[in-house]
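Quick notes on the structure that follows.
Quick note: the coordinates plus some simple rules give every number you see, no bench work behind them. As the structure is a prediction and not an experimental result, all values here were calculated from the model. Every residue, glycine among them, receives a Cβ derived from its backbone with ideal geometry; neighbour counts consider all protein chains shown.
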Amino acid sequence: MVATDKIFSDFQEHSVAEFFKKNKQMLGFAGKTRSLTTIVHEYVTNSLDACEEAGMLPEITVVIAEIEKNNSYRVRVEDNGPGIPKKHLGKALGMMLAGTKFHRYAQQRGQQGIGAAGCTMYAQLTTGKPVRVVSHYDKKRIECTISIDFKTNQPNIETSAEEDTDGSEHGLVVDGEFADVKYDKSAYGVYEYIKRTAMANPHATITFAAPDGENLKFPRSVEEVPPKPKAVQPHPMGLSTHDIIDYAHHDAQSTRISSFLQNSFTRVSSEKVKELQAIANEVDFSKKPSELEWAEAEKIVKAIGKVKWIAPATESIVPIGKRQIEKSLGGILKPQFLEVSERSPKIYKGGIPFVIEVAIAYGGDAGRNSENGGSGKSGDIIRYANRAPLIFDAAGCALTQAVKEIDWKRYGIKRFEEEPVTVFVNIASVHVPYTGAGKQAISDEEEVTAEIKNTVMEVARRMQHYLHEIIKEKDRAGRRKVVERYLKQLSIDLADLAEKGKASELEEKMKKLIENKYPSLMGEGDEEGENGNGGNGKGEKEER
Ligand SMILES: Nc1ncnc2c1ncn2[C@@H]1O[C@H](COP(=O)(O)OP(=O)(O)OP(=O)(O)O)[C@@H](O)[C@H]1O
Ligand SMILES: [Mg+2]
């Protein structure tokens, strides 16, 4: 037997930075293409969050250049947001689990405080270089380099210039050199990522200079900054016993359980407390929250399930919105049919409100181009969380699963894999239930999955009606063509048989009969038709 003191002689503590250095794949740093998309994703989501929080229309420039002699790429992301004050600059980009979002209960793209520091880590691990940063914040310009001390998870910041400005310039520039990354135009690359970001963020102007010399510009098509989501308290529905105990034991202000419930959760009025008290009558609602016991919290949770609640306040969630989705998807895909859902917020575990937005586009450029380069299309699912595209881990994502589990035949789609259809799904929430720190897939929360399915089915029903009309019309057009094919000969033969009348007159009369029987909605020879939804996207000349 090994002496116990020997086993524990090597017991050590580690920092979160050391953990992610060893497990960088958890942050999305796995595979060269994915690693580059992850870097752009982290910087661009930060820029969008920062601009929106400051009430500014985002202007974001992404430049990627290949440094052949180093076998690496330089990535530079610049925004016109508020910048970062000197005091927080080092920790914002050089410390894991530090930021303005993790502790907040407000809808933003970032929520962990890891993204930017994760990129700094990847630059250090692959090129040994820190990231260069320029921050214009409140009449100050600071230029510095930032790296992480992995042992302590503390930032190393070296300031190279610091000056006062007139404040007209604002924003952040991050510039890093990364190896073990690759630029390509696959469905998983930066090009596709930026295109999808533009689709869901029509209020942002995004410029992209690619390493192959291509310059892309997605100008904004909407001139309003999305309304700022309000930070909210959790909704009582969906709270677990542990949640209630946790909130109660950390509530230093409320003197009674009754006031604690009103102060800590949204939609709990004094009336609701009375209803809860009547159901959980063994619990003393006048005792201190810090004295609440597990069995009592269990009874409160049960009582919450029996009371009728008002849905969470809608201002905590800012969905992209029907009009904006129509505008951007309509412009980019130019579909024949486009329909977008509009539903109220629901709640999942932990009392967290969320909204699912679904759009289905059919025809035009909808659908994914066939992998083998043919002209065929296959059904495409494009996923978003708080307007940020989810490109990877589709198989393990509740959004994909829910869409795939729909019985598409019922809605007129014979084989989803073979039709020009795009299903766009966005989850907007104050806390998106990601499956991992890489934030690329949504976990299978019962309430979330059910809501995705319901929303997709609601929109699919409307598409079914449209497809049904197309099928009917195609059928009519087919029959008409068959009859028309024999029309001339039939007129000649009939005139001949009857030995009177002119064949041409007969033909004219029969043409009229056919027109009455099979009126064409689509016009001569147009089999595809354009009887979509009043031209969403058609005629929109914008780039998105
Ligand atoms: N472009 C920017 N402009 C202003 N502030 C920024 C910018 N980028 C990052 N920050 C600040 O730095 C913090 C850390 O960013 P980081 O990406 O590491 O975490 P996060 O965005 O909070 O969460 P997540 O890990 O989910 O991305 C942010 O919370 C924000 O306060
Ligand atoms: Mg972030």
Per-residue Cβ contact counts at 10 Å, fewest first, order 474, 91, 306 as 306, 474, 91
Filter the chain for me: DSSP H helices, axial length by Cα at least 27 angstrom, mean Kyte-Doolittle hydropathy not below 0.0. List them by residue number. none
Return 424, 260 ranked ascending by Cβ neighbour count within 10 Å, so the fewest neighbours appear first. 260, 424
Work out the FRET efficiency for residue 249 and residue 182 from their Cβ-Cβ distance, taking R0 = 41 Å, and round it to the nearest 0.05. 0.25
Farthest positive-ward along the chain dipole, Cα basis, beta-carbon charges - from 384, 2, 147: 384
Quick check for me: using +1 on Lys/Arg Cβ and -1 on Asp/Glu Cβ, what's the dipole size of the chain about its Cα centre, in debye to the nearest 20? 860
Each label point is 7 Å from the Cα along the Cα-to-Cβ direction; what then is the distance between the points at residue 5 and residue 140, in nm? 5.3
GluC sites (Glu not before Pro) restricted to segment 173-246 and DSSP loop, no more than 12 other C-beta within 10 Å: 214, 223, 224
In square nanometres and to one decimal, what's the mean projected area of the convex hull around the Cα atoms of segment 117-254? 14.9
Could you check the simple spin-label distance between residue 435 and residue 286, using points 7 Å along Cα→Cβ, in nm with one decimal? 5.2
From the helices alone, meaning DSSP H stretches of at least four residues, give me the mean residue ellipticity at 222 nm for the chain, per-run term -39500 (n - 2.57), in deg cm²/dmol to the nearest 500. -11500 deg cm²/dmol
The Rg/Rh figure for segment 390-481, Cα atoms and Kirkwood Rh, to two decimals is 1.11
Once the dipole of the chain is set up with Lys and Arg at +1 and Asp and Glu at -1 on Cβ about the Cα centre, which of 364, 233, 110 lies farthest towards its positive end? 364
Length gain on complete extension for the stretch residue 487 to residue 465, per 0.36 nm per residue less the alpha carbon to alpha carbon distance? 4.6 nm
Distance (nanometres) between label positions extended 7 Å along Cα→Cβ at residue 500 and residue 13: 11.2
Extension gain residue 162-residue 293, at 0.36 nm per residue separation less the Cα-Cα distance, in nm? 41.7 nm
Least to most buried among 309, 294, 408, by other C-beta atoms within 10 Å and fewest first, runs 294, 309, 408
To the nearest 20 debye, what is the magnitude of the charge dipole of segment 16-218 about its Cα centre, counting +1 on the Cβ of each Lys and Arg and -1 on the Cβ of each Asp and Glu? 740
